[in-house]
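Take a look at the structure set out below.
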Amino acid sequence: MTVFLQYPIRSFNNWLLYHSIYKITFKLASSLTKNIYCSHKLISTIIRDEIKQEHSVSKASTKTRGNIRGSNKKPWKQKGTGHARAGSKYSPLWRGGGITFGPVPKIRVTKINRKVWLDAFKYLLFNKRSNILIVNSNYSTLLTSLKFSSFISFVSSQLKLCGINPKVNRILCIIPKGVLINIYAQKYNLTFKSTNELKCKDILFTEYIVLFI
């Protein structure tokens, strides 16, 4: 199923003004549009896998006998003391010694099929089609604006002009890939994400999307 959509490209200084039309073509899988159960199952699977990826790092850590710092001196001589022979105080048999087969930090990789993820992402984006704002921002203009704390208040004021209350509605702001920023404004429900950081759950749990191009 192919859908053609048109969006006005809004001016950066005044979001009520627009000067051109942006055309988007959605190519959706027919199985998602015909079967609601199939689409819900796919999206829930993708969201679950994305959350697994975020918590995929296991930080539990123990030290083996080779990781413990200190002297490697033999506790006592091999024979004649009456004690059991011992070569190191860092033996797993001793208190304070190394741990045998203990947990170590590791990353559990949860693979997500790229084509399946893209189908779910386009389906979620299509469902938000009436709540998407596209803002024309010069790359350099946006980059200099992000350096000032007033940028968040500027965005919230422009959203209010468009009839969107940032204190009530959740808003996802998508910025160009090269801009390095990680802002979540808790005073306003604004989340800033780069195009290469987007996930399906970001689209699902937001009400409005502002795309800076």
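The values are calculated or read from the model by the stated rules, or taken from the named source; none is laboratory data. Quantities reported herein were computed from a predicted structural model and do not represent experimental measurements. Neighbour counts run over all protein chains shown; Cβ positions are idealised from the backbone, glycine included.
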Original post:
Between a first residue in the range 115-136 that is in contact (Cβ under 8 Å) with a residue 24 or more places away in the chain and a second residue that is polar (S, T, N, Q) and not in a helix (DSSP H, G or I), which pairs have beta carbons less than 7 Å apart while being 6 or more apart in sequence or on different chains?
Top reply: Asn136/Ser11
Original post:
If you check every pair at least six apart or on different chains, which have Cβ atoms under 7 Å apart with a residue in the range 50-62 that is part of a loop (DSSP other than H, G, I, E, B) first and a residue that is exposed (fewer than 12 other Cβ atoms within 10 Å of the Cβ) second?
Top reply: Ser56/Ile107; Ser56/Arg108; Ser56/Val109; Lys59/Pro105; Ala60/Pro103; Ser61/Pro103; Ser61/Pro105; Thr62/Pro103
Original post:
Scanning the range 24-49 for residues that are touching a residue at least 12 places away in the same chain (Cβ under 8 Å) and small (Gly, Ala, Ser), which turns out nearest to Asp119 (Cα to Cα)?
Top reply: Ala29
Original post:
Only one of (1) modelled with pLDDT under 85; (2) in a helix (DSSP H, G or I); (3) of a type outside the set (Phe, Trp, Tyr); (4) surrounded by 12 or more Cβ atoms within 10 Å (Cβ to Cβ) is not met by Val3, so which one is it?
Top reply: (2)
**OP:** Identify all residues within the range 63-89 that are surrounded by 12 or more Cβ atoms within 10 Å (Cβ to Cβ), in contact (Cβ under 8 Å) with a residue 24 or more places away in the chain and over 21 Å from Ile107 (Cα atoms); write none if there are none.
**Re:** Arg65, Ile68
Subject >> Qualifying residue in the range 149-160 (condition: assigned to a loop (DSSP other than H, G, I, E, B), at negative phi and either at pLDDT below 85 or over 13 Å from the mean Cα position of the chain (by Cα) (or both)) >> reply: yes
**OP:** Specify which of the listed residues (Arg114, Arg170, Arg108) is exposed (fewer than 12 other Cβ atoms within 10 Å of the Cβ), within 29 Å of Val3 (Cβ to Cβ) and within 25 Å of the chain's Cα centre (by Cα).
**Re:** Arg114
